[in-house]
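Visitor: The structure's right below; bear with me while I get my questions together.
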Amino acid sequence: MAYGSDLSFLKEKLATAEAVTVLTGAGISADSGVPTFRGTDGLWRTYRAEDLATPEAFERDPRLVWEWYNWRRELIATKQPNAAHAALCELERRRQLFWLITQNVDGLHRAAGSRQLSEIHGNIWMVRCTRCGVVEDNHDVPIAIPPFCHHCNALLRPHIVWFGEPLCTGDLEQCSTVLQRCDVLLVIGTSGTVYPAAGFASIATNAGAFVAEINLDPTPQSALVDMSLQGRAKDILPLLLEPR
Ligand code: OAD
């Protein structure tokens, strides 16, 4: 069997776990054709995410930052959830205590049907007013640049947590709860380099959970977790749902 005894062991762990928590990153959407941030296709023009996804970059040049988001919106709008997103919906359906934490802003987990989830870095299909703070859905592709608030006419920004900004308190509390209480944590398709999410595996380990990483390549976290399965999320996750 592909992935051999590790896969059987993880299936056993999942079968006996009362609470399961999952952390996902850009790798799960790579199988849908969305470029990862730190992969070879992660640059836009010559910019890295760290150059544009900051409050300082937006203050300096909101047009440039919106152009980047427009490019990403156009790209994501053409993508569909894949078998890995679907497998996580099924895992959610099969148990009472399940929570999905995603760093992805593409909305593909929601599109697949996941409901018990925290989008800790926000959602690319939502905008927030820089003055009155109102948050609204916006699926315009492309969005008119620069976009203005219908309520107070100030500049709108993406409803995304940028580098240097804190996660929302409610999300942090929910993450803390589901990381402390889970029996199994699956860490899928993330390079484990951006905090606080990069510290989530340690929180679960310290609380006694079994932590399994699923990633195409080894990561800085591979040595810290209980099991590291190497491969594509869309190939491995459906296998976890098969009968033991
Ligand atoms: P990264 O681009 O840093 O890492 C993607 C990870 O996915 C890498 O470890 C790849 O090896 C792995 N990977 C690629 N294809 C895969 C596949 N088909 N199956 C499984 N794994 C695969 O993305 P994140 O870790 O999500 O923040 O990055 C974290 C944050 O940094 C993002 O949320 C974003 C970014 O800047 C914001 O936008 C605020």
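The values are calculated or read from the model by the stated rules, or taken from the named source; none is laboratory data. Nothing here was measured: the structure is a model prediction, and the numbers come from that model. Reconstructed Cβ throughout: ideal geometry from the backbone, glycine too, with neighbour counts over all protein chains shown.
Visitor: For region 155-173, enumerate the residues that are in contact with a Phe, Trp or Tyr (Cβ under 7 Å, 6 or more places away or on another chain) and more than 16 Å from the ligand (Cβ to nearest atom).
Guide: 155, 156
Visitor: Can you run down the residue pairs with Cβ atoms below 8 Å, 6 or more apart or on separate chains, where the first is in region 112-129 and farther than 22 Å from residue 140 by Cα and the partner is more than 14 Å from the ligand (Cβ to nearest atom) and modelled with pLDDT under 95?
Guide: none
Visitor: Now for a separate question. Within 16 Å of the ligand (Cβ to nearest atom) and either touching a strand residue (DSSP E or B) at 6+ places or on another chain (Cβ under 7 Å) or under 23 Å from residue 184 (Cα atoms) (or both): does that describe residue 138?
Guide: Judged against the criteria, residue 138 is not a match.
Visitor: Looking at residue 36 and the list (1) exposed (fewer than 14 other Cβ atoms within 10 Å of the Cβ); (2) at pLDDT below 95; (3) among the polar types (S, T, N, Q), which single condition is not satisfied?
Guide: For residue 36, the failing item is (1).
To keep it simple, each residue is scored yes or no on (1) farther than 22 Å from residue 95 by Cα; (2) in contact (Cβ under 8 Å) with a residue 12 or more places away in the chain; (3) within 10 Å of the ligand (Cβ to nearest atom).
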site	(1), (2), (3)
179	no, yes, no
191	yes, yes, yes
195	yes, no, yes
206	yes, no, no
221	yes, yes, yes
226	yes, yes, no
231	yes, yes, yes
236	no, yes, yes
243	no, no, no
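Visitor: Inside region 23-46, can you point out the residues that are away from the ligand (no atom under 13 Å from the Cβ) and of a type outside the set (Lys, Arg)?
Guide: So the first thing to find is which residues in region 23-46 are away from the ligand (no atom under 13 Å from the Cβ), and the list is 45-46.
46, the sole residue that qualifies.
Visitor: Sticking with this one: Please work out if residue 187 is closer than 15 Å to residue 207 by Cβ, in contact with a strand residue (DSSP E or B) (Cβ under 9 Å, 6 or more places away or on another chain) and within 15 Å of the ligand (Cβ to nearest atom).
Guide: Spelling it out, residue 187 is indeed closer than 15 Å to residue 207 by Cβ, in contact with a strand residue (DSSP E or B) (Cβ under 9 Å, 6 or more places away or on another chain) and within 15 Å of the ligand (Cβ to nearest atom).
Visitor: Can you tell me which residue within region 1-22, out of those that are crowded, with 18+ Cβ neighbours inside 10 Å, away from the ligand (no atom under 16 Å from the Cβ) and among the β-branched types (Val, Ile, Thr), is farthest from residue 193 (Cα to Cα)?
Guide: 20
Visitor: Step by step: first the residues of region 82-131, then only those that are among the aromatic types (Phe, Trp, Tyr) and more than 15 Å from residue 72 (Cβ to Cβ), then the one that is nearest to the ligand (Cβ to nearest atom). Which residue is that? Before you say what the answer is, go through the steps one by one.
Guide: Here is the first cut: in region 82-131, the residues among the aromatic types (Phe, Trp, Tyr) are 98-99, 125.
From what's left, more than 15 Å from residue 72 (Cβ to Cβ): 98-99.
Values: 98: 20, 99: 18 Å.
Step by step, filter region 82-131, then rank; the result is 99.
Visitor: Select the helices (runs of 4 or more DSSP H) contained entirely in region 1-100, then report the ones holding at least 2 residues which are within 15 Å of residue 237 (Cβ to Cβ) and out of contact with any Leu (no Cβ under 6 Å at 6 or more places or on another chain).
Guide: Per the criteria, 4-16, 26-30, 83-94.
Visitor: Right, next: I'm trying to understand the selection: among the residues of region 162-192, which are closer than 22 Å to residue 85 by Cα, under 17 Å from the mean Cα position of the chain (by Cα) and part of a loop (DSSP other than H, G, I, E, B)?
Guide: So the first thing to find is which residues in region 162-192 are closer than 22 Å to residue 85 by Cα, and the list is 171, 174-175, 178-179, 182-192.
Of the ones still in play, those that are also under 17 Å from the mean Cα position of the chain (by Cα) are 171, 174-175, 178-179, 185-192.
Residues satisfying the conditions are 189, 190, 191, 192.
Visitor: Look at residue 214 and say whether it is more than 14 Å from the ligand (Cβ to nearest atom) and out of contact with any His (no Cβ under 6 Å at 6 or more places or on another chain).
Guide: Judged against the criteria, residue 214 is not a match.
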